[in-house]
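One structure below.
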There are 2 protein chains.
Amino acid sequence: MSMQAMAVSETFSRNGKRPIPPAPVVGLFNLMGAPLTFARNEEVYGEGEPAEYLYTVTSGCVRTSKILNDGRRQIGAFYLPGDIFGLEAGDEHSFSAEALAPTTVRIVKRTALTSRATCDSAMASQLLSLTVSELQRTQCRVLLLIKSAQERVAGFLLEMANRKCTANEIELPMSRQDIADYLGLTIETVSRTLTQLENACAIALPTSRRIVLRNRSALARLNA
Amino acid sequence: MSMQAMAVSETFSRNGKRPIPPAPVVGLFNLMGAPLTFARNEEVYGEGEPAEYLYTVTSGCVRTSKILNDGRRQIGAFYLPGDIFGLEAGDEHSFSAEALAPTTVRIVKRTALTSRATCDSAMASQLLSLTVSELQRTQCRVLLLIKSAQERVAGFLLEMANRKCTANEIELPMSRQDIADYLGLTIETVSRTLTQLENACAIALPTSRRIVLRNRSALARLNA
DNA sequence: CGACCATTTGATATGGATCAAGCGATGTGG
DNA sequence: CCACATCGCTTGATCCATATCAAATGGTCG
């Protein structure tokens, strides 16, 4: 197994704040089976179910979430086409996963990966690389969560823009409530903050789901 | 490589909220060299330095931290004897590491692990397992950070108590400021919250660094 | 058109930050 | 051995960012 998985710094800026999707893990994708489709809001798997598969998004968008015992919902992550999910460690899923929009995914059995990785060090390396990426993203979340609402929202927009590198206009697949639960804010605060950013000419909001980044450096400045 | 690294659920309670140190990764420890010693507040490595080594704490305690560009400090993690640190991904360290107390660590070169893991699937598995543990802990941090000050402090105390399984009395190796920076709170709020928990008979504070858990279930209840 | 849902906006409340002072333990020099 | 400076922690008073409660707006679909 090569150590490339632990040497992913080229996917990050110097200060570790700007995650970019890791290089595609080709071997893993080759093991993926036929596509499954899910409707908007359909559950891909539930919290507590045995974690038998790894999933990759081929189209659409998936969110992972869990309900805390006081009723609050925490979003684990959003997964876009090309992303792999379902490996949050453990024999059973610690989050549930739902499609945010009509979505297709392809799956591979974990046991298949097990046996393959035992003898295939490239595959083992890919698994490690995947986990490291997930760790990186989670660490960036931690950095966001200790900051102000403006910084969180700005950081979120930059993260989404960097992931789908489609110039400066992004179509958000998730609702305000999803964003709020992801950032540990309320829906009202997210909405107000977006309005503030618009008034500051940092972004434009042609529609509520479509966001134009007018001034990335202003956003990045917020994102201390 | 076995899939055991992805099957660490036995180290977690059903709801994924109570991390316990993973099984020791013996092979990795065997590669570790002679002990190095560090004085209180001495730097083990600095942010931005090349990440050449992996470290294990043999005695004392280490914290990783980074200074944000607005002057705030973020603590990455605390490492106790038996813990391994220095693998926060990337060619260079994204955090610095400092000894909280007189500390000894042992180290192994990353390149040594690289070559070893390429042909030794057990070693590869250990690396994955280690990264998964780190991911798990970071995810627990995220859950803490979206909660109230009481919940964060209670969760922190339970985490520390679970790691050093020394009954119900724990000696905190870190200052209030370290705790505050770890939890994204101020030192005053941490102090006040501990006082509240003491008044509620959930804990006792024989000295400021020594904490007795009087009522774990009350703490856990806070820790939604 | 009308019902419904997501989003925005407004008014008020509150938890934690900030500013400021006091306290206790530890260590140092006289 | 004591006086005093220092450091880490606690406590108090006030302020502010975000939550909460409430209502208006706008877009979508039958």
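The residues of region A:141-150 that are within 13 Å of DNA strand C (Cβ to nearest atom) and more than 9 Å from every other protein chain (Cβ to nearest Cβ), listed by number, are A:148, A:149.
Count of region B:145-157 residues, restricted to those that are assigned to a helix (DSSP H, G or I), farther than 28 Å from residue B:42 by Cβ and touching a residue at least 60 places away in the same chain (Cβ under 8 Å), is 4.
Out of curiosity, is residue A:170 over 26 Å from residue B:141 (Cβ atoms), away from every other protein chain (no Cβ under 13 Å) and away from DNA strand D (no atom under 16 Å from the Cβ)? Judged against the criteria, residue A:170 is a match.
Taken together, the residues in region B:138-165 that are in contact with a strand residue (DSSP E or B) (Cβ under 9 Å, 6 or more places away or on another chain) and within 16 Å of residue A:77 (Cα to Cα) amount to 6.
Return the residues of region B:79-101 that are within 14 Å of another protein chain (Cβ to nearest Cβ) and crowded, with 20+ Cβ neighbours inside 10 Å; say none if nothing qualifies. B:84, B:85, B:86, B:87, B:88, B:89, B:90, B:93, B:94, B:95 - these are the residues of region B:79-101 that are within 14 Å of another protein chain (Cβ to nearest Cβ) and crowded, with 20+ Cβ neighbours inside 10 Å. Among the residues of region A:183-206, those identified as within 22 Å of the chain's Cα centre (by Cα) and either among the basic types (Lys, Arg) or away from DNA strand D (no atom under 12 Å from the Cβ) (or both) are A:194, A:203.
Table: residues versus (1) at the interface with chain A (Cβ under 7 Å from one of its Cβ atoms); (2) under 15 Å from the mean Cα position of the chain (by Cα); (3) surrounded by 19 or more Cβ atoms within 10 Å (Cβ to Cβ).
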| residue | (1), (2), (3) |
| --- | --- |
| B:112 | no, no, no |
| B:118 | yes, no, no |
| B:127 | yes, no, yes |
| B:154 | no, no, yes |
| B:162 | no, yes, no |
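Under the condition of being surrounded by 14 or more Cβ atoms within 10 Å (Cβ to Cβ) and either among the polar types (S, T, N, Q) or more than 14 Å from DNA strand D (Cβ to nearest atom) (or both), the residues counted in region A:173-182 number 4.
Every number in this text was worked out from the coordinates using simple rules, so none of it is lab data. Keep in mind that this is a model prediction, so the values were computed, not measured. Please note: Cβ atoms are built from the backbone with ideal geometry, for glycine as well, and neighbour counts cover all protein chains shown.
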